[in-house]
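Take a look at the structure set out below.
The values are calculated or read from the model by the stated rules, or taken from the named source; none is laboratory data. What you see is a predicted model, and the numbers here were worked out from it, not measured in a lab. All Cβ positions, even for glycine, are placed from backbone atoms using ideal geometry, and neighbour counts span all protein chains on display. When the accessible area is computed, the model is the full protein with side chains, heavy atoms only, and any ligands, DNA or RNA have been set aside. Shrake-Rupley method; radii C 1.70, N 1.55, O 1.52, S 1.80 Å.
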Amino acid sequence: RRHADWLWTTEQLDPYACGVRAAMIPLHGLTTIAGREQAAKSTLCWWLSAQITHGLLPGHYAGQPRDVVILASEDSETKIRRRLEAAGADLDRVYLPSKTTPDGLILPISIRDDLDTLTDLLTGIEAGAVIFDPIKDFLGGGVNTDREDEVRPVLTPLLKLTEECGAAAIGLHHLNKSLKGDFLTRLTGSGAFKNVSRAVIGVAHDATTGARVVQLMKSND
């Protein structure tokens, strides 16, 4: 693995791995972070954001504080900033973009309809990551999130943008309630979410210990 290709790498826990680093979140691509409700997916992203803004995340930008762009539909900007502050993030390096209609209505930005706005923002800052929480809410109005032929054309330009600005795209995603099949087949909606992603990270709650488990489920390295 080329160290420069990864926003986040972790030390391999396997004692027989001889110190090999495990690649978690690639630059120049999409990483999906998936889990059930209350699995702490967003909490993981607040922690990642704090590390990125201080240059503390092991990976390509270690020692180089970078900016983070966050698009979140389930929490207010005030609540997000409060949680980021609690995680220790440098809030001056956090961007929470939106758009305002002529009549003053504030609307979320979508990947399909506002790609130029995202491009101007990400290429105009020192972007380390752009986070979508959850990503299905930011594809664009009328996009059927169950159809690969509608989801993939929206995500493909985003991947090209991450290459242009040297950042990672991170999309939060839910799992369905089925207990059948492997982890990747349990991602809700179109198969494009897992197929387009260079990496998929699973987050789960260990009911026995109360701990949160973070595991790499897919990596195209």
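Size of the range 102-221: Rg and Dmax of its alpha carbons, in Å, are 15.9, 52.
Only helices enter this figure: runs of n ≥ 4 DSSP H residues, each worth -39500 (n - 2.57), summed and divided by the residues of the chain, yield -7500 deg cm²/dmol at 222 nm to the nearest 500. Only lysine pairs 8 or more places apart or on separate chains count here, and in the chain those with Cα atoms under 27 Å apart total 24.
Taking the Cα centre of the range 45-87 as origin, sum charge times position over the Cβ atoms of Lys and Arg (+1) and Asp and Glu (-1), and report the length of that vector in debye to the nearest 20.
Charge dipole of the range 45-87: 100 debye, to the nearest 20.
Rounded to 0.05, the FRET efficiency of the K79 and L216 pair, given R0 = 30 Å and the Cβ-Cβ distance, is 0.55.
Once all protein chains are placed together, F183 keeps about 40 Å² accessible to a 1.4 angstrom probe.
Largest GNM mean-square fluctuation among S42, S178, S190, using the chain with Cα springs under 10 Å: S178. Work out how much length E148 to L105 would gain on full extension: take 0.36 nm times their residue separation and subtract the Cα-Cα distance, in nm to one decimal. Taking E148 through L105 to full extension adds about 12.4 nm, to one decimal. Distant-in-sequence amide contacts of I25, defined by a placed amide H-H separation under 5 Å and a gap of 5 or more residues or a different chain, comprise L7, W8. Comparing T31, T145, T43 in a Gaussian network model of the chain where C-alpha atoms under 10 Å apart are linked, the largest mean-square fluctuation is found at T43.
Between [x] 13.2; [y] 16.3; [z] 13.9, which matches mean projected area of the Cα convex hull in nm² calculated for the structure shown? Looking at mean projected area of the Cα convex hull in nm² for this model, the match is [x]. Across the chain, Cα pairs under 8 Å and at least six residues apart give a relative contact order of 27 percent. For the chain, a Gaussian network of Cα nodes joined below 10 Å ranks S49, S98, S197 by mean-square fluctuation, and the top entry is S98. Protein heavy-atom accessible surface, 1.4 Å probe, per residue over the range 174-221: 55 Å². Annotation: the antiparallel percentage among DSSP beta bridges lying fully within the chain is about 40. Label sites at E37 and T156, each approximated as a point 7 angstrom past Cα along Cα to Cβ, lie 3.5 nm apart. Solvent-accessible area assigned to carbon and sulfur over the chain amounts to 50 percent, based on a 1.4 Å probe. Remark: spin-label model distance E163-I125 equals 2.4 nm, labels positioned 7 Å along the Cα→Cβ axis.
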